[in-house]
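Structure first, then comments.
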Number of protein chains: 4
Amino acid sequence: MDVVEFRPEPEQYAWTFGGVAPTHRITPGTVLRLWTEDAFSGRLQRTSDKPSQVLDMTQVNPQTGPFYVEGAEPGDTLALHIVDLTPARDWGASTTIPFFGALTGTDRTALLNEPLPEQTWIYQLDRARGTVLFEAQRSQLEIELPLAPMLGTVGVAPPGREVRSSLVPDTFGGNMDTPEMRAGTTCFLGVNVEGALFSVGDGHYRQGEGESCGTAVEGAMNVTLIVELIKGGQRSAGGAPINTAPAWPRLEHDDHYAVVGSSRPLEDAWRASQVGMVGWLGELYGLDPLDAYQLLTQVSRSPLANVCDTNYSAVTKIEKALLPGAEAYGGMHRHLRDQARGL
Amino acid sequence: MDVVEFRPEPEQYAWTFGGVAPTHRITPGTVLRLWTEDAFSGRLQRTSDKPSQVLDMTQVNPQTGPFYVEGAEPGDTLALHIVDLTPARDWGASTTIPFFGALTGTDRTALLNEPLPEQTWIYQLDRARGTVLFEAQRSQLEIELPLAPMLGTVGVAPPGREVRSSLVPDTFGGNMDTPEMRAGTTCFLGVNVEGALFSVGDGHYRQGEGESCGTAVEGAMNVTLIVELIKGGQRSAGGAPINTAPAWPRLEHDDHYAVVGSSRPLEDAWRASQVGMVGWLGELYGLDPLDAYQLLTQVSRSPLANVCDTNYSAVTKIEKALLPGAEAYGGMHRHLRDQARGL
Amino acid sequence: MDVVEFRPEPEQYAWTFGGVAPTHRITPGTVLRLWTEDAFSGRLQRTSDKPSQVLDMTQVNPQTGPFYVEGAEPGDTLALHIVDLTPARDWGASTTIPFFGALTGTDRTALLNEPLPEQTWIYQLDRARGTVLFEAQRSQLEIELPLAPMLGTVGVAPPGREVRSSLVPDTFGGNMDTPEMRAGTTCFLGVNVEGALFSVGDGHYRQGEGESCGTAVEGAMNVTLIVELIKGGQRSAGGAPINTAPAWPRLEHDDHYAVVGSSRPLEDAWRASQVGMVGWLGELYGLDPLDAYQLLTQVSRSPLANVCDTNYSAVTKIEKALLPGAEAYGGMHRHLRDQARGL
Amino acid sequence: MDVVEFRPEPEQYAWTFGGVAPTHRITPGTVLRLWTEDAFSGRLQRTSDKPSQVLDMTQVNPQTGPFYVEGAEPGDTLALHIVDLTPARDWGASTTIPFFGALTGTDRTALLNEPLPEQTWIYQLDRARGTVLFEAQRSQLEIELPLAPMLGTVGVAPPGREVRSSLVPDTFGGNMDTPEMRAGTTCFLGVNVEGALFSVGDGHYRQGEGESCGTAVEGAMNVTLIVELIKGGQRSAGGAPINTAPAWPRLEHDDHYAVVGSSRPLEDAWRASQVGMVGWLGELYGLDPLDAYQLLTQVSRSPLANVCDTNYSAVTKIEKALLPGAEAYGGMHRHLRDQARGL
């Protein structure tokens, strides 16, 4: 397996999905060992740092990439398997950014209220204990919370000639901010442009579902990925199209299938993930859509991802143990897990 | 402990929260052994039954109760501990009702599309295996799913002189349709009228988060509850008000705290549950709201409840293992668990 | 024509739709000369009055009524023609109520922001000039605005055994807060219970579309109405059902047809009004729904009503001059205009 | 005054805001005489044309431009005055596109319903009578509707390195689809990139508020514009910043001020326009935000623009006759009206 290592210099960061020349061209099957800067571009370091003073809002959520995948064409499906996520620093940061977050007026939910106070929390990592330390800043409480590394942002170049900020989640993935994007996950994304042009970033050492204040325990991350490509446009023996690129990002864990929808209002984000799962169940089991709707109604797990970004993201998730055995994408996830074990 | 057993006759069903005379007057500490009819009033029995033909939409979601709790006054908090939920029939039913459900146009999301086809699924119970059997109706698949009994509807009379349909979830609880309402749960509800006038119903043998098609595996249920009352208007030694009635329903499990918000759009339902949890964290740990917002951002579990009812319901939930020890409502949940073990 | 005059004493106010005994029984064709108290129950009188100090939130939006209309049955349509609205005081009041209004966090759009400041504005009426005077309180500006009296709240008892606060707009009408409800308007409401049990209140001397701060120029009002009843369950010569009660309130002016939808999110309120108008166009012109959708797309006026109440209200409105002549409800509006001229 | 005439060839159409090289460089004060193709790229011509067969969805809503305005820098405000809009064809077209429109499930409001039928309506123009002819396709009705030309799409390059489809409305303007964008209107847009890079397109011969089926009476248009630039970064004698670029598009007519907000859900689009107008009233009259909120509450007109596009657009509008005299942007609109008269 080809292995590519890459730690971008600040001038190499990508700030968008689409619209950026690739940093690398890679072939399917390549292992990537990457470093990603945190969403604050490393500028928020102390509890006395105020976002309005230290952040440059034109330089938030830097991405590592994009990577051009040889042979990837519109209609194909990119499979990104997250082998490992290891914090690259011994601290993470979170903060309240004026007019940003789920429980405050924002530029979109435009109100006349003053912004919430700016407050920054720094979380110290204890690698031995596998924890980050929450320290209350305006009252008294310290809590060790389990480290739970995830990637907030994984995406390909969007369709329709668009270039989107790395802060945006949509059909192309992007800033979905779901704790489901963790080591052991395979992420399936429809390819929109030649080469797919995917990038990753926005490591979180830990995040709750919904990311209510708008920022997780943000931290630089060492990321190991395996990249695979599933060609589209194929047909089964019976002539039915197979390996159709999914309309919304799909995730596969050892124990769950998941679909992520991103839109507003939140019910629409969730509906997209539900209709996506109805489709996936149809592909896996030949289920009629109404039967899939019924089954989903009784087995869906619906953990929110983010309710603070440009689009909100919601997850529909099904435990594999509830379902008959199946091989999504010809067993791609299992194959990638095997590959990962060999690294 | 007083024990009251009650299996209502059809003419005794309550169809609303508020506006109904109590069937019983009980004292705090009473154990209730109840039977609840299913949400279809038992009329949907065969896969050939079409909702538009067999249901009477003025008689859906019958409630058992209401119960008048002696001494309960506005400002108090009612604690309902679910000791046991046991299916009262050997089958449950689910169906697609025209213009109802999350993935179809409805009376509220009014569209010009034709309704989805009416289709009914009957789930056979296997008590020995602890399962219900999903049988696809329009394609081929059978799956045994674990039985996971819950109550869709638990509520008190609403404030402001209102009488609400038993199909509605709101601040008074009601038709929240969350799988979190299961045996072992204590539900805390603010009391709005003298006697609280709570009722329960809408047993589900199993339900996914979001209840997308609008109906769970609906079934009659044997319900064992313990009822307690927490008087409001008290003050701590320092003079701070304690035991303030919660704005939104709170749930306590052995291992989680949860708050349920119900509104539209879905982000507002979730915001209500989040702000409710910020308040609860403040009560439990003396946390400043901004510190609670931050902590919540990193630890919240956010499973959806329903995205199909008059109001949508969303849950904010925190694992107790992540938090320092605390005694919500003076340890009421633990006390009720002890009581339940003695039954 | 029977004429009933009624100025309720405070203990006669109704605070809900449904759940209240009628103050009067009237026959179709009756003229009502009513007095309505303002939404603050007259308690907000000076710019120094703060809502949190002077208002009793259990006594806001008092209604005059309900009136029991002899012969009205579910399935019928009530026609309320507003003959005249004349301010009953020489001043009106508006204010910012904490956690209420469109541009602030509320109990539903629950946020962590502090409430906006409480500020009260008193508008002096100049009857000769037909104006109310806006006087800025925190800066310098006075503007005479044209008097434009309307009724914020017109509704019947709701269906489904419900009792709803007079603050709520829904299918039964209620607190729609639309400037379209003015002298010269006929309001058509589906009857849900025997006698219809309608009431009116919440006079506004003037209001912008959306009622953003949550309160219009609120003032006591002298209201003249004519009440008519359109029996349902009738069939045309061809057997088609006619005079079906409308799902949502319909308004007819001399120059416009309008439908009011009330829901959340706001797009759903508007969709309800649009689908309602597609139906009305079908009734008036025998238009296929898709043709009506197309026509509506090119002729709809869509002025918002309120974006602050329990449900938001949106209006779909079509200029009659754009349409062929037609007689809605057998010319009821024209008939009532004629009657009104005779008073 | 410089006059530039331009009728783009199909290969010169722009399909995005941002990401396209300018077709022309112009100086402030230039008059543009442009031709714009219709949103279907002219491919929908007969009532038998089905969108799924004749449209290329990668080539819809072609824009004329972009134009690079010499001297325009981020922070400046572009003023586009629409002098004249004259239909360039003798017919316009409207249609129902599968999974697009306000009263159907869409890719965002993802449902399981089948799409509505595809149906196309062709409107013949009668220039002498100033009308377009609605002809029902599935039932019997013909109506002459007044011609009311407008531009659906007017925008500049977006901020934050983004490139957006010409189907999108947002802070940069774009596909707002408001009937307020007509001859006689001055549109003020904040400049995000050097040269502003604005383009226009999507002529509508007529459109209702909300554009419910998703397509207006779409037609090629002859467009006359005058382009002006208002430099930002200036300060009044007292040191206050003036001519700040507006957060959302502002429109000025002879008789109204208007602000357009675009977001989802619809209440957020409207809130953006309301907060935008609170700000504009503050600039025009030195009003405190709370006073402006109050005044707006009583005078706002709130006509919806579109409830079908990627973002919904809502308008807040105030009649100038209600307000004291004022000169927005130093009387720019009046100046442009004068210029237009001289053409």
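Just so you know, all these numbers are worked out from the coordinates, no wet-lab data involved. As the structure is a prediction and not an experimental result, all values here were calculated from the model. Because the Cβ atoms are built from the backbone with ideal geometry, glycine has one as well, and the counts that use them run over all protein chains shown.
A few comments on the model shown:
- Surrounding net charge for D:PHE40, when Lys and Arg each add one and Asp and Glu each subtract one, Cβ distance under 14 Å: -3
- On Cα atoms only, tilt of B:332-341 relative to the major axis of chain B in degrees: 60 degrees
- For the stretch B:210-343, averaging the sequence separation of C-alpha pairs within contact (under 8 Å, six or more residues apart) and dividing by the residue count gives a relative contact order of 26 percent.
- Share, in percent, of DSSP beta bridges within the protein assembly as shown that are antiparallel, nearest 5: 90 percent
- Computed over neighbours whose Cβ is under 14 Å from that of D:THR244, the net charge equals 0, Lys and Arg +1, Asp and Glu -1.
- Three-way shape label, the stretch A:190-314, alpha-carbon gyration tensor, a/c 1.5: oblate
- Closest-to-axis residue of chain C (Cβ criterion, axis taking C to A), whole Å: C:ASN113, 2
- Taking the Cα centre of the protein assembly as shown as reference, the dipole from Cβ charges on Lys and Arg (+1) and Asp and Glu (-1) amounts to some 0 debye.
- When C:LEU322 is represented by a point 7 angstrom out along its Cα-to-C-beta vector, the spacings to that point in the other copies are 2.2, 4.7, 5.2 nm, nearest first.
- Here the stretch D:3-341 was treated as a single set of alpha-carbon atoms; its pair distances binned every 10 Å from 0 give 6, 26, 35, 23, 8, 1, 0 percent.
- The relative contact order of the stretch C:3-341, computed from alpha carbon pairs under 8 Å that lie at least 6 residues apart in sequence, is 22 percent.
- Selection from D:LEU112, D:ALA39, D:VAL54 lying farthest towards where the dipole of chain D points positive, charges on Cβ: D:ALA39
- Inter-label distance for D:THR58 and A:GLU327, nm, one decimal - labels placed 7 Å from Cα along Cα-to-Cβ: 3.3 nm
- Those residues of the stretch A:94-136 whose amide nitrogen sits under 14 Å from the label point placed on A:LYS50, 7 Å along Cα→Cβ: A:96-99, A:115-120
- Gap separating the Cα centres of the stretch D:1-62 and the stretch B:85-102, nearest whole Å: 53 Å
- Å³ per residue enclosed by the Cα convex hull of the protein assembly as shown: 180 Å³
- Measuring how big the stretch A:241-321 is from its alpha-carbon positions, Rg and Dmax come out at 12.2, 37 Å.
- The calculated FRET efficiency for the pair D:GLN339 and D:GLU11, based on their C-beta separation and a Förster distance of 41 Å, comes to about 0.80.
- Cα-based shape type of the stretch C:19-65, given that a ≥ b ≥ c are square roots of the gyration tensor eigenvalues and the cut on a/c is 1.5: oblate
- Rounded tilt (10° steps) of C:289-299 against the dominant C-alpha axis of chain C: 40 degrees
- Residues C:MET176, C:MET150 in ascending order of nearby Cβ atoms (within 10 Å, fewest first): C:MET150, C:MET176.
- Computed from point charges on the beta carbon alone (+1 for Lys and Arg, -1 for Asp and Glu), the dipole magnitude for chain D about its Cα centre is near 180 Debye.
- For A:GLN140, inter-copy label distances in nm, listed shortest first [label point 7 Å out on the Cα-Cβ vector]: 5.3, 6.9, 8.5
- Among C:ARG164, D:ARG182, the order by Cβ neighbours within 10 angstrom, fewest to most, reads D:ARG182, C:ARG164.
- Mean Cα-pair separation over length for the stretch C:92-182, i.e. relative contact order, pairs under 8 Å, 6 or more apart, %: 18 percent
- Fewest-first sequence of C:ASP107, C:ASP254 by Cβ atoms within 10 Å of each Cβ: C:ASP254, C:ASP107
- The charge dipole of the stretch D:153-266, taken about its Cα centre with unit charges on the Cβ atoms of Lys, Arg (+1), Asp and Glu (-1) only, comes to about 380 debye.
- Cα shape, the stretch C:119-189, gyration tensor, a/c 1.5 rule: oblate
- C-alpha long axis of helix A:266-285 to longest principal axis of chain A, angle in °: 30 degrees
- By DSSP, the beta bridges lying fully in chain B are antiparallel in about 90 percent of cases.
- Near C:ARG337, once Lys and Arg are set to +1 and Asp and Glu to -1 for all other residues with Cβ below 15 Å from its Cβ, the sum equals -3.
- 222 nm mean residue ellipticity, helices alone, for chain B (DSSP H n ≥ 4; -39,500 (n - 2.57); rounded to 500): -4000 deg cm²/dmol
- With the label put 7 angstrom out from Cα along the Cα-to-Cβ vector, D:ARG334 ends up 4.7, 7.6, 7.8 nm from the copy partners, going from closest to farthest.
- Relative to one another, the C-alpha centroids of the stretch C:205-239 and the stretch A:257-297 are positioned 42 Å apart.
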